[in-house]
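Peer 1: Below is the structure I would like to discuss, written out as structure tokens.
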Amino acid sequence: MEGLTCMKCKQTSSIPPSAQHIRCFGCGSVYSVGHSNDNDDAHVMVNYKGTTECSLDFTKKKAEAKLICHSLRRKLPFSTQASPPLAINISMTEQPRRGRRAFLCGVTYRKQKHQLKGTAHDVNNIRDLLLQRYHFPKESILTLAEEESYNPPTKKNIEDGFKWLIRGIQPGDSLVFYFSGHGKRQREFNGDERDGFDETICPVDFETSGMILDNDINEAIVRPLIQDVKLHAIIDSCHSGTVLDLPQVYDITTGKWEDNSPPSGAYKGTKGGTAICFSACEDYQLAADTSAFSPEKEMTGAMTITFILAVKAALDKNESITYQDIMDSMHQTIKQASKSGGFFAGIRRFFHRRILQDPVLSSSEEFNTNTEFKL
């Protein structure tokens, strides 16, 4: 079997005979190793939220794939085109109001080589969900984005946003942290990670100011949570499965919680509160932007749009929805869109023809996933 040496980390990976693309297991870089089809109709570009971009070919079941994607769009009970952003100037140094508050962050990496197309829509769609369906006060939603209405999602601003989100919390408060952008992973040597890697999120200036590690996110918004305060995090980025370093990870196939506590014994829990995180994919996987679910064919995060689809479908029927319902719906919707080998061929594991993106649920403590989801 042939081998390929990564130009970045110099690690050598084997190349399966039929593979046209290979992902380095050392740093996650993606390389083309095959020949692409000259037929433009059999070529699709998919953006991945892990600072890599690759093109994947498909030739089989193209008509079936289009029918499935069109069917999914028709089922959407809403438009994926969000309302124009609200120009609300929120100071990150002031005390937020009691009750519900949210910190939303969308990073486009405009004019950079890793630019993403769907994150601006993601933030606006999540904002609309919080405002219209969960009645968050608009003065309690802090947004960082690369639009004139907002402050930019720099590393310092994101860190200040974490402080704002936690400042003066009191029992009964409901907090939301949402991030859409690139995520990476890097080797760690302190024994805090079971897989030996720290997961990160990438601010707009990550190439000069650095990334934000899972350890730092945990310390900033998980450990300060006091009793009767609940945080929901929704992270749409590559390698985001345990990006909050929460000690419990839910296995959707067995219906059981798995211990994700650090081997080092470091404490990653709260001060009595609860932290729950919906992540786009497993730590070793990539997350994608796609237009498959948009009637307007706009790029959105596959995880974000399937999360919103699940929640809104229940709320439109005046029905409650559980954490299990949300996870099942997200998995099933992505699988339905990808099973034909069509557009969602871009959201597949490269070697085994499996879906690349498996959403993950993690928590600071075990709980019954049939509990109603509330914000």
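The values are calculated or read from the model by the stated rules, or taken from the named source; none is laboratory data. Being a predicted model, the structure only gives us computed values, none of them experimental. In this analysis, Cβ positions are derived from the backbone assuming ideal geometry, glycine residues included, and neighbour counts consider all displayed protein chains. Ligands, DNA and RNA are stripped out before the accessible areas are found, and what is left, the full protein with its side chains, is counted by its heavy atoms. Shrake-Rupley method; radii C 1.70, N 1.55, O 1.52, S 1.80 Å.
Peer 1: Starting from the 7 Å offset along Cα-to-Cβ, what nm value, one decimal, do you get for the label separation of A266 and Q227?
Peer 2: 2.8 nm
Peer 1: Subtracting the Cα-Cα distance from 0.36 nm times the residue separation, let me have the gained length for I252 to E94 in nm, one decimal.
Peer 2: 52.9 nm
Peer 1: Suppose every K and R has +1 on its Cβ and every D and E has -1 on its Cβ; what is the size of the dipole of the stretch 75-230 about the Cα centre, in Debye to the nearest 20?
Peer 2: About 520 debye.
Peer 1: While we're here: Between the stretch 232-310 and the stretch 90-125, how far is it from one alpha carbon centroid to the other, in angstrom?
Peer 2: Going from one Cα centre to the other spans 17 Å.
Peer 1: What do you reckon, how do D205, D228 stack up by accessible area (1.4 Å probe), largest on top?
Peer 2: The residues order as D228, D205, largest area first.
Peer 1: Under the definition of Cα pairs under 8 Å and six or more residues apart, what whole-number percent is the relative contact order of the stretch 187-246?
Peer 2: Once divided by the residue count of the stretch 187-246, the mean separation gives 35 percent.
Peer 1: Name the trypsin sites (Lys or Arg not before Pro) in the stretch 98-196 that are in a loop by DSSP and that have at most 11 other C-beta atoms within 10 Å, would you?
Peer 2: Working: sites: R98, R100, R101, R110, K111, K113, K117, R127, R133, K138, K155, K156, K163, R167, K184, R185, R187, R194; in loops: R98, R110, K111, K113, K117, R167, R194.
Counting only loop positions with at most 11 other Cβ atoms within 10 Å, the trypsin sites (Lys or Arg not before Pro) in the stretch 98-196 are K111, K113.
Peer 1: While we're here: Mind listing the long-range amide H neighbours of V176? Cut-off is under 5 Å, sequence gap 5 or more, other chains count too, H placed in the peptide plane at 1.01 Å from N.
Peer 2: Those qualifying (amide H under 5 Å, at least 5 residues apart or on another chain) are R101, A102, F103, H232.
Peer 1: If R₀ is 35 angstrom, what is the calculated FRET efficiency for the pair K138 and T208, using the beta carbon separation as r and rounding to 0.05? Write out the running numbers ahead of the final one.
Peer 2: Numbers: r = 32 Å, r/R0 = 0.93.
Given R0 = 35 Å and the Cβ-Cβ separation, E is 0.60.
Peer 1: Using DSSP to define loop residues, name the GluC sites (Glu not before Pro) in the stretch 90-169 whose beta-carbon has at most 14 other beta-carbon atoms within 10 Å.
Peer 2: Numbers: sites: E94, E139, E146, E147, E148, E159; in loops: E94, E146, E147, E148.
Answer in residue order: E94, E148.
Peer 1: To continue, here is another question. Could you give the dipole magnitude of the stretch 147-256 about its Cα centre, charging the beta-carbon of Lys and Arg +1 and that of Asp and Glu -1, in debye to the nearest 20?
Peer 2: Working: 11 positive and 20 negative charges, 42 e Å.
Around 200 debye, computed over the stretch 147-256.
Peer 1: For L315 and R110 in the same chain, what is the full-extension length gain: residue separation times 0.36 nm, less their Cα-Cα distance, in nm? All intermediate terms of the calculation are to be shown ahead of the outcome.
Peer 2: Values: separation 205, 0.36 × 205 = 73.80 nm, distance 3.45 nm.
Result for the pair: 70.3 nm of gain on full extension.
Peer 1: Please report the relative contact order for the stretch 109-212, taking Cα pairs under 8 Å with a sequence separation of at least 6, and give it as a percent rounded to a whole number.
Peer 2: Details: 87 pairs, mean separation 23.6, N = 104.
Across the stretch 109-212, relative contact order equals 23 percent.
Peer 1: At most 10 other Cβ atoms within 10 Å and a DSSP loop assignment: could you name the GluC sites (Glu not before Pro) in the stretch 284-336 that fit? Provide the component values of the computation, followed by the final result.
Peer 2: Numbers: sites: E296, E298, E319; in loops: E296, E298, E319.
Counting only loop positions with at most 10 other Cβ atoms within 10 Å, the GluC sites (Glu not before Pro) in the stretch 284-336 are E319.
Peer 1: Relative to the present Cα-Cα distance, how much length would full extension add between Y284 and S174 at 0.36 nm per residue of separation?
Peer 2: 36.6 nm
Peer 1: Can you put H121, H239 in order of accessible area, largest first, using a 1.4 Å probe? Walk me through the numbers before you get to the answer.
Peer 2: On the way: H121 55, H239 10 Å².
Sorted by accessible area, descending: H121, H239.
Peer 1: Heavy atoms only, probe 1.4 Å: what % of the accessible area of the stretch 114-166 goes to carbon and sulfur, would you let me know?
Peer 2: Numbers: 980 of 2040 Å².
Summing carbon and sulfur atoms, their accessible area is 48 percent of the total for the stretch 114-166.
Peer 1: Could I ask something else about it? Label N190 and T322 with points 7 Å out from Cα along Cα→Cβ: what is the distance between them in nm?
Peer 2: 3.7 nm
Peer 1: Ranked from the most accessible area to the least, with a 1.4 Å probe and all protein chains present, what is the order of Y284, Y150? Intermediate results must be reported in sequence, preceding the final value.
Peer 2: Numbers: Y284 85, Y150 30 Å².
My answer, sorted largest first, is Y284, Y150.
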